[in-house]
């Protein structure tokens, strides 16, 4: 069953439930203020005084365009579709994938199904936001170019196809260009709030912002990645799987919470848990895959090995937490912050010792990596990460209901971290004060209009 078929099955199951009680699918409104962010080791000076702002009310409010190593920008503009173009014979093709309301991994899954190839035949440089309109370059090896020319989905289209002799690999990009609309509360337009915003934006232009790993690293909306990661680090594999499937959160909607509570109550009755998850093959894709594997093999570690990408992300969230904690500790103590910090998952004991204080508090020092050696996506290698990022601000504008921003960031740098230095971001159900008008962010920022792409994706824009 491909993504669209799975999604159709799921929507058919959910429709009567939504009609009966639509409020059960509303995620609680969450203001990502100073108090909340402390849980993830994030301390941003003066954050208590920031105005609230909402991003991604519509996916076109958050546009991400990949910047290739040669400075080429992969645009979202719906052009160069090449349906009738004749291409030379080649083992490898490059193309631009433009997607909306779909994760990169989901798009790769669907594209592989359309092309009749393996996911491993499709290369990409990085993961782009799901609740957004994004573009990125991909490579395709040993696929039919005729099928590629016609490949499309309600959630994505393919453009800019060319023959090539190289594969696109993870991490091989220069960065991303962002075009973002932040919908703000009325208080933003008070003199104090607007003056603070201008002051902070000026400061960021001159000195940069702290390169905290932001909330997507920690598994929104449950934010339990680091807890699962610590379980894996300690070898508590069943507990890790149980958290992935059954751990509830105050930030998830009532429907999801009820499913997870039901799984928790039935823990040990694996067939029943599989039946609980079966009608929801998209929302619980990984969970369903894991429980079906465990039913066959009865091995918790091997079950985690079936979702290696997920285990990698989860495990590295522990390193992200310690990285954040270290920077915040230095800020709080008014101590100088090094330009770079090593990450925890290193084969150099000196890197690990940087975090000795935090490891001792968790009774993890001296640290052993023996329990993560079974997961190929968790690699021990020296990684130095900048503690401060320096965005290039292309344009900014204040509207009647918010702020428009266009800027670029280098690879591995988070737009949400940058925005969190300017606003107390809102996630979950939007508050009533948010203006709901649709806008073409790129056009308002004097860039190439995005309306033709927005119109194309209208059926899947929620």
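Collect the residues in segment 12-47 that are modelled with pLDDT under 95 and part of a helix (DSSP H, G or I), keeping them in residue-number order.
none
So which helices (runs of 4 or more DSSP H) stay within segment 302-372 end to end and still have 2 or more residues that are touching a strand residue (DSSP E or B) at 6+ places or on another chain (Cβ under 8 Å) and either in contact (Cβ under 8 Å) with a residue 60 or more places away in the chain or within 24 Å of residue 216 (Cβ to Cβ) (or both)?
308-332
Given the condition without any contact (Cβ under 8 Å) to a residue 60 or more places away in the chain and assigned to a loop (DSSP other than H, G, I, E, B), answer yes or no: does some residue in segment 56-63 qualify?
The answer is no, given that none of the residues of segment 56-63 is without any contact (Cβ under 8 Å) to a residue 60 or more places away in the chain and assigned to a loop (DSSP other than H, G, I, E, B).
Residues being more than 16 Å from residue 169 (Cβ to Cβ) and part of a loop (DSSP other than H, G, I, E, B): count how many of those fall in segment 92-127.
Count: 6.
Does residue 461 count as surrounded by fewer than 18 Cβ atoms within 10 Å (Cβ to Cβ) and not assigned by TED's automatic domain parsing to the domain that holds residue 250?
Answer is yes for this residue.
The values are calculated or read from the model by the stated rules, or taken from the named source; none is laboratory data. Source: prediction; values computed, not measured. Cβ atoms come from the backbone with ideal geometry, glycine included; neighbour counts cover every protein chain shown.
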